[in-house]
Structure formats: C-alpha cells, structure tokens
Amino acid sequence: MTHRKNCYALRYTFGDLLRNTKKLFKTDMVKIVSKRNVFLFIQLFVCNFCFSQIYSQLSLSDTIAIHSKVFNAERKVIITKPSNAKIDDKQSNYIVYMDANDQNINGLFLQSANNLIANKEIPQSYLIGIIHKNRNTELLEKDKLLKFLKEELIPLLKDKYNNANQITIAGHSFGGYFATYAFLKDNDLYNSCIAISPAYWPNKNDVIDLLLEKANLIRGNFYLAIGDKRWDEISLRNGVLKAQNILENQKNIVFGFNELKGFSHNATPTVGFGLGLSFIYDQWEWTNILEEQEDNLKFFPEFWGHIEIKGDALFHLNRVSEAKLLYQEALQNTSKDEKLSKSEMSEVLKRLREKIEKCG
C-alpha cells in the first residue's frame, strides 16, 4: 500500500545561501556557524517554506508498507526519489534518515537535500525516511532496527532501485546515537554517517566504547555537529567532544565537525543536516567544480579566477602538484586583469601565494 504526501520546498536561493554560509565559516580543522551569521538564512528558509508547494528536484514522497519479520509487524518507510531518476539506473545513492514521522525533521531533511541537489552540491539520491513505532525503544535498544535496515529494507531498495553506490545514514539526538552505532556496526554497508547533536550517554556510553574499539577499523565519511545553548544541548557536549577527539585522529575516516554556536538541541537540525550532506559529498562536488572550470577556461583561457578555482578543485581532490602549477599560473595572469584595483590585486596575490605555500 502506498499513498502520496505533499511536500514543501525552498527555492534555489536557499541552496545558494547554504553553500555560501558553509564556505564562509569553514576552517582547516573545525567549522563554526554562529546563530547571528545565519539569521538571514533562517528568514529566507521560513519565507520559502511558506510559499513553495513542491520540491524542484524531488518527486512526491511515497510511504510504503513493509511486513517486517524482524519486528513481526508492518513497518512504514518514506521514500523520496529525485525527480528525474530512472528506475533502470545502474547505481543509486541512498540517504537513510531517522525520525521521518517527525514533520519538522522530515521537512528539514528533504528541503536541505532538494536545494543541495539543485545547486549540484550533492548527487541525485534516494532519500529514505524511517518511521518509528516506538522511537526511543527502537533507537536505544538498536539491534532490531539495525537488523531491519540491513536484512529487509536495504535489500528491498536494491531490488527496486538497483545497487547503491553510497549509503549514508543520518539522525538527530537519539537518531544520531543510532546512526553512529549503525555506521560502526555495519561499516561494510554504510559509507557515511551524519550525527546532529547525538546523545551518546545512553546504555553506559556504549557507542563511545564501540568507537574506541573500532576506530582503527572503520572507513568512510563522518560528520558531527553540536550546539551550545540550553541544558538539553549542553549536557550532550561532553560525549560529542569525546567522539570528535577519537574521530579526527583516524586516517581512514574523512571527518567533519561543526560547532553550531547559539543553537539549542531542537534547532541544530535547521542547518546541521544541510552542512552534513554537503560535507559527505564534498569530493563529488569538487569533481563537478573541476569540470565546470575546465569548460569556462575554454572560453576564458587566461582568466586567473577560473584558473584559481580549478586549482582549488584539484587541491581538494588531492591532486596537489597540479593545483600548485595552476596557482602559479593564476598568479602570473593577475597582472593582465585591468579591472582589479590595487587593493584587490594585493588581496588576490596574497591569497594565491598562501595557496602555493600550502601545496608545499
């Protein structure tokens, strides 16, 4: 049995602002997003939420019913496909997220994904929302839900939409706790994890213990975010910072962390999911940027700006020696740009020299 659900979306402007916000607050080790700096972001978010009626990049969501042998009950899952997805696609990206029956969480997640897809920051993906019957029991006791996902849901998705190129699991609060546990226990299945304000205290900190045990064995991408406002969020920080300390020292994990300044527990998903999805697919995005700049350079082969951005793409794709050559070329070509003022020229030259130095 299926039924259609109407969706709400943000327009492309939301994705543009999310991208700019993400890049503005990026540092080498930690990303910091303050509430003041995203005030305009939230205003635009609310405005577009009220006036938009459909997602531009996603089909209407289907709620499907699965008879689960694991739970010995009917379970429902929300599946949202990209609007132009083909059933015969050889590979698909699945993004599995908890708490899909929470309208706020479901809406935030779909809105973030829609606008990142629109701006080519993440690939077209199948968004899989888990509806919980007994949320706290399922997320904290873990094993039944873990088995349901691995043995029943994911195989069903593969039969329906073919093999997944990448599977990301995401959640907030207890959902972030479960997502972390699933990533650690079934790392052969899940390539990436997004944990927004996860509660790592349940079950005598068992997820932190598991993380310590398996840290050297797991691979993939892990994104973690925590706010700093009100006790329900502040009380989670100790466990999250312990996880951060473990994860950022692992060679096989691409780890990203956000300090969401000024955000309380229930507010962190507002920007956390978008930032997490963007981080998980960062390499995919830089591959697209590389192709875009190569096309631009066919028409403007000497413009230092396109050369610099191509160098940035190569640097983020770990092609550092090639990036260095492009930064050096961009440095030489800035003298040909008569539109640059002296102060602008000085700023560009300083930035390019710093990038060259960073390449070693």
- Subset of the stretch 91-113 [under 15 Å from Thr268 (Cα atoms), under 12 Å from the mean Cα position of the chain (by Cα) and small (Gly, Ala, Ser)]: Ser112
- Number of the exception - Ser92 against (1) open to solvent by less than 60 Å² (accessible area, probe 1.4 Å); (2) modelled with pLDDT of 95 or more: (2)
- Sole exception among (1) open to solvent by 20 Å² or more (accessible area, probe 1.4 Å); (2) at pLDDT below 95; (3) closer than 20 Å to Ile280 by Cβ for Lys86, by number: (3)
- Query: Of everything in the stretch 117-147 that's of a type in the set (A, V, I, L, M, F, W, C) and either over 19 Å from Ser61 (Cβ atoms) or free of Cβ contacts under 8 Å to residues at least 12 places away in the same chain (or both), which residue is most open to solvent (accessible area, probe 1.4 Å)?
  - Reply: Leu140
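Every residue, every condition in (1) more than 27 Å from Gly311 (Cβ to Cβ); (2) touching a residue at least 40 places away in the same chain (Cβ under 8 Å), yes or no:
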| position | (1), (2) |
| --- | --- |
| Asn245 | yes, no |
| Pro269 | yes, yes |
| Gly276 | no, yes |
| Glu291 | no, no |
- Scope the stretch 284-324; condition in contact with a His (Cβ under 7 Å, 6 or more places away or on another chain), part of a helix (DSSP H, G or I) and either of a type in the set (A, V, I, L, M, F, W, C) or within 26 Å of Ala195 (Cα to Cα) (or both); matching residues: Trp286, Leu297
- Within the set of pairs 6 or more residues apart or between chains, which connect a residue that is under 16 Å from Tyr177 (Cα atoms) inside the stretch 227-242 to a residue that is among the acidic types (Asp, Glu) and in a helix (DSSP H, G or I) with Cβ atoms less than 8 Å apart? Gly227/Glu233
- Task: Among the residues of the stretch 306-345, count how many are among the small types (Gly, Ala, Ser), free of Cβ contacts under 8 Å to residues at least 12 places away in the same chain and open to solvent by less than 70 Å² (accessible area, probe 1.4 Å).
- Result: 1
- Output the residues belonging to the stretch 125-169 that are more than 13 Å from Ala182 (Cβ to Cβ), touching a helix residue (DSSP H, G or I) at 6+ places or on another chain (Cβ under 6 Å) and assigned to a loop (DSSP other than H, G, I, E, B). His132
- Query: What's the number of the condition Asp282 fails, among (1) more than 30 Å from Asp102 (Cα to Cα); (2) open to solvent by less than 50 Å² (accessible area, probe 1.4 Å)?
  - Reply: (1)
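With the structure loaded, tell me whether Leu110 is at pLDDT 95 or above and in contact with a His (Cβ under 8 Å, 6 or more places away or on another chain) or whether it fails that test. Let's see the steps before the verdict.
Details: at pLDDT 95 or above: yes; in contact with a His (Cβ under 8 Å, 6 or more places away or on another chain): no.
Against the criterion (at pLDDT 95 or above and in contact with a His (Cβ under 8 Å, 6 or more places away or on another chain)), Leu110 does not qualify.
Based on what the data block shows, is Phe174 under 30 Å from Asp228 (Cα atoms) and not hydroxyl-bearing (Ser, Thr, Tyr)?
Judged against the criteria, Phe174 is a match.
Within the group Gly256, Gly262, which residue is over 20 Å from the mean Cα position of the chain (by Cα) and small (Gly, Ala, Ser)?
The conditions single out Gly262.
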- Out of the residues in the stretch 194-249 that are of a type in the set (Gly, Ala, Ser) and closer than 15 Å to Pro269 by Cβ, which is farthest from the chain's Cα centre (by Cα)? Ala199
- Residue that is surrounded by the fewest Cβ atoms within 10 Å (Cβ to Cβ) [pool: residues in the stretch 170-187 that are among the aliphatic types (A, V, I, L, M) and touching a helix residue (DSSP H, G or I) at 6+ places or on another chain (Cβ under 6 Å)]: Leu184
- Task: Quickly run through the stretch 151-164 and pick out the residues that are touching a Lys or Arg at 6+ places or on another chain (Cβ under 9 Å) and either among the aliphatic types (A, V, I, L, M) or surrounded by 14 or more Cβ atoms within 10 Å (Cβ to Cβ) (or both).
- Result: Glu152, Leu153, Tyr161, Asn162, Ala164
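The values are calculated or read from the model by the stated rules, or taken from the named source; none is laboratory data. What you are looking at is a predicted structure, and each value in this text was computed from that prediction instead of being measured. Note: ideal-geometry Cβ built from the backbone for every residue, glycine included; neighbour counts use all protein chains shown. Side chains are part of the model used for accessible areas, which takes the heavy atoms of the whole protein and leaves out ligands, DNA and RNA. Shrake-Rupley method; radii C 1.70, N 1.55, O 1.52, S 1.80 Å.
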